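Have a look at the structure below, then the notes.
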Amino acid sequence: AVLYGGAVAFNGIFHLNEILHISYWSAIWLLACLIAVTGYAYNVLGGLKVITMSDTVLGAGMIAGGLMLPYFGFKYLGHGHVGEGLRIVFGTHVAHLNAIGAPQDAVPFSTIFTGMLLVNIYYWGMEQFIVQQALGSVNLEQSQKGIALACLCKLLSPLMLNIPGLIAVQLYLHPQSTTEIFPMMAADVLPPVYTGLIAAVVFGAALSTFNAGLSSAGTLFTMNLYKPHVVKRKGGVTEKKLLSTTWIFQVIVTLAGIGIAPFIMLFKGGFYNYIQMLSSFFSIPIFTVMIVGMTTRRVPALAAKAGLLFFFAANIFFQLIIKTSLHYLHLVAILFVITSVLMLLIGRWKPMDFNYAPAGT
């Protein structure tokens, strides 16, 4: 998803497919390859420290560029007058000013209290991208300040995303894809120097996010799957071997990402909806296990494994095979409850021999 989003944004700004006289598909694939290969090299040579430093710089650039887009968007819409642009946005197509999603919309309002709530709690409290960087801070105080700053910056999202979207409604009446709106606006309404800034930030943000994903994936695979297996079989493993294994696994992830990225454009529900639906297959099962694990002390590992398998299989069955009339966010909320009950029942049937207690208690 990161490779596809970065490729679409970069191509939308510079129209690489037209410059190179290639198809749109080929341009997306080429840019996805460029981001992936550069990101992999960046990750191997720099590590988590460089990723964190670049995140800070790119975050500042993204906020600055994102806040410029509404201003120049209003000015462009109002033919040089920001006030006129505001009047047009708030005076026409006013239905788009309603933030309450209808039942037939991609994200109905009711999902905020079911699956969307779970997805967001997982993301902000358990997402490996964020947790790994938070735990990599020099001390607890710096970690808390970093998370607080990230939350503060997140509150600026409506200015950088929703407001430009309202302007885009006036500028592009029949867009081919909502994914292309942001780069189209950046290319059309920003002065050339700022367009270059946005392009650099978008490319850098795609690199940074891809790097963080690679780092997290490598850490999870090596430390939670590969190392325990080798230690159990051979009794130990060297740090050098762990590092080389991480790099090999990251190559596999990179190649898989390159192969899958262009096909995301075939998803009919839109890019945002694609990310949310795909995330629900993995994030909510993990969230369920984490919640049950943190709130109980006798539920065994068997329950966690059974819960993960049940949730994943049931979600695939009801979303891709049966296709119920329920919105997928409502469905994952129901499965969250059922899976939690299943895990608690297993814990009552085969509880651990001792109460789990965190270290230091």
Answer yes if at least one residue in the range 262-273 is of a type in the set (S, T, Y), touching a helix residue (DSSP H, G or I) at 6+ places or on another chain (Cβ under 7 Å) and either modelled with pLDDT under 90 or outside any loop (DSSP other than H, G, I, E, B) (or both), and no otherwise.
no
How many residues does the range 288-306 hold that are open to solvent by less than 20 Å² (accessible area, probe 1.4 Å) and closer than 17 Å to V119 by Cα?
2
Filtering the range 302-333 for residues that are in a helix (DSSP H, G or I) and in contact (Cβ under 8 Å) with a residue 60 or more places away in the chain leaves a count of 6
So V299 clears everything in (1) modelled with pLDDT of 90 or more; (2) assigned to a helix (DSSP H, G or I); (3) touching a helix residue (DSSP H, G or I) at 6+ places or on another chain (Cβ under 7 Å) except one condition, right? Which one?
(2)
I need the full set of residues from the range 228-242 which are of a type in the set (K, R) and either surrounded by 10 or more Cβ atoms within 10 Å (Cβ to Cβ) or in contact with a Leu (Cβ under 6 Å, 6 or more places away or on another chain) (or both), in order please.
K241
Counting only residues that are in contact (Cβ under 8 Å) with a residue 24 or more places away in the chain, outside any helix (DSSP H, G or I) and closer than 18 Å to A60 by Cβ, how many does the range 152-197 have?
2
Residue list for the range 2-54, filter: aliphatic (A, V, I, L, M), surrounded by 18 or more Cβ atoms within 10 Å (Cβ to Cβ) and within 19 Å of A217 (Cα to Cα):
V2, L3, A32, I35, A36, I51
For the range 1-116, which helices (runs of 4 or more DSSP H) that fit wholly inside it have 1 or more residues that are among the aromatic types (F, W, Y)?
2-14, 24-77, 82-91
Single unsatisfied condition, P191 versus (1) within 19 Å of the chain's Cα centre (by Cα); (2) modelled with pLDDT of 80 or more; (3) not aliphatic (A, V, I, L, M):
(1)
Kindly check whether there is at least one residue in the range 340-351 that is part of a helix (DSSP H, G or I), closer than 22 Å to E127 by Cβ, small (G, A, S) and within 28 Å of the chain's Cα centre (by Cα).
yes
Under 8 Å by Cβ, and 6 or more places apart or on different chains, what pairs join a residue from the range 19-34 that is more than 23 Å from F210 (Cβ to Cβ) with one that is in a helix (DSSP H, G or I)?
S23/N17
Criterion first (buried (at least 20 other Cβ atoms within 10 Å of the Cβ), under 30 Å from E180 (Cβ atoms) and either in contact (Cβ under 8 Å) with a residue 24 or more places away in the chain or acidic (D, E) (or both)) does I258 satisfy it?
no
Take the residues in the range 35-60 that are among the small types (G, A, S) and modelled with pLDDT of 80 or more, then tell me which one is nearest to T209 (Cα to Cα).
G39
Cβ pairs under 6 Å, 6+ apart, first in the range 213-237 and under 15 Å from V253 (Cα atoms), second open to solvent by 60 Å² or more (accessible area, probe 1.4 Å)
S216/F129
Has the range 88-104 got at least one residue that is modelled with pLDDT of 85 or more, more than 30 Å from V332 (Cβ to Cβ) and in contact with a helix residue (DSSP H, G or I) (Cβ under 6 Å, 6 or more places away or on another chain)?
yes
Mind checking whether some residue in the range 61-81 is farther than 27 Å from L171 by Cβ, crowded, with 16+ Cβ neighbours inside 10 Å and among the aromatic types (F, W, Y)?
no
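The values are calculated or read from the model by the stated rules, or taken from the named source; none is laboratory data. This is a predicted model, so every value here is computed, not measured. Cβ: placed from backbone, ideal geometry, glycine included. Neighbour counts: every protein chain shown. What goes into the accessible areas is simple: the full protein's heavy atoms, side chains included, and nothing from ligands, DNA or RNA. Shrake-Rupley method; radii C 1.70, N 1.55, O 1.52, S 1.80 Å.
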